Amino acid sequence: MSRAPTVALDAFQKVHPRAYAARFLERGTRLDGRGLDEVRAARATRGALGNADGSCVATVGRTTVACGATRLVGRPAPDAPRDGAIEVRVQLPGLCAAERPETGRADALQELVARVVRACVRLDQLCVAEGAAAWCVRLDVVCLDDDGNVADAALLAALGALRDVRLPPASAVVTSPEDGLLRVVGGGGGGEGAPIALEGDPVPLTSAVFQGALLADPTVAEEAVADGSLTLVVDAGTGTVLVAHKPGGPAVSVSAVAQCAKRCAGRRVLEQQRAGSQRSPAGAA
């Protein structure tokens, strides 16, 4: 008989998930016991993938995302002879969240990650020789476990992988006399080379919008009942908002956005380099 109340609550949550979450909100708390502005522990481990030119595995609570970066050298676009390129591919395999249909989520997240990367990286630092050669960095972002807020984990993983990349010197890029293609000589690997500089110290924070309240770092259960979401990327050093992303849903007041930005700037992410990786200490944040 002692199990009856628990069974009843579980049934109520499944049948009326929004009403169930609203009861917690009325008491100023959330389904997992956190406060409305409380975030889960976040960690970004660079150098986690041994075969990539740069990599990072990021966790936000149990949500886990890996990103591998691959360096390619090629000709710059004619209309941007001094710029390289960064390509982003995002995968949300069914394995990471069997109960959540993909329904375009990967494409939307890919656009968000690409937008944040464009805001945080100057592409002219990827130039090897103006009009002749430039680096293209491909970011492959894969969700391994989705317990909510994949956006923040994906952004931390992508930015961490970029920080982990080292670009060989221009002297390592040559034109092959056989086929005229650009090639990297001397391997161009290891921890030597120039890091990719990011604009400031970008930190992301996504909040779910639910019945007029903002729930920082939502779980998968909170995302299921949310009316919308708001993702901010803020320079932790200056508090400047680098990117604001709100894909539809109810309006959010200017004061609420300002509070989210302040919360985002103060967010702590444990950043570390995997033991045994060959990156130099200068690449650590």
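Each reported figure results from applying straightforward, stated rules to the coordinates on display, with no laboratory input. Because the structure is predicted, anything quoted here is derived from the model rather than measured. When we count neighbours, we look across all protein chains shown, and the Cβ atoms used for this are built from the backbone with ideal geometry, even at glycine.
Results, tabulated for the structure shown:
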quantity	calculated
Distant-in-sequence amide H partners of Ser229 (H built 1.01 Å from N, under 5 Å)	Val209
Under 5 Å, built H, 5+ apart or other chain: amide partners of Val243	Val233
FRET efficiency, Asp37 to Arg115 (Cβ-Cβ, R0 30 Å, nearest 0.05)	0.75
Length added when fully stretched, Ala19-Arg82, from 0.36 nm per residue minus Cα-Cα	17.2 nm
Most mobile of Val185, Val150, Val173 in a GNM of the chain (Cα contacts under 10 Å)	Val185
Angle between the chain longest axis and helix 17-26 axis [Cα atoms, degrees, rounded to 10]	80
Bridge type composition, the chain - antiparallel percent by DSSP, nearest 5	80
Between segment 206-232 and segment 109-171, the alpha-carbon center distance in angstrom	26
Sum of -39500 (n - 2.57) over DSSP H runs of 4+, divided by residues of the chain (222 nm, nearest 500)	-7500 deg cm²/dmol
Sites excluded, trypsin sites (Lys or Arg not before Pro) in DSSP loops with at most 11 other C-beta within 10 Å, longest stretch of the chain	28-267
Summed residue charge, Cβ within 12 Å of Leu49's Cβ, Lys/Arg positive, Asp/Glu negative	-1
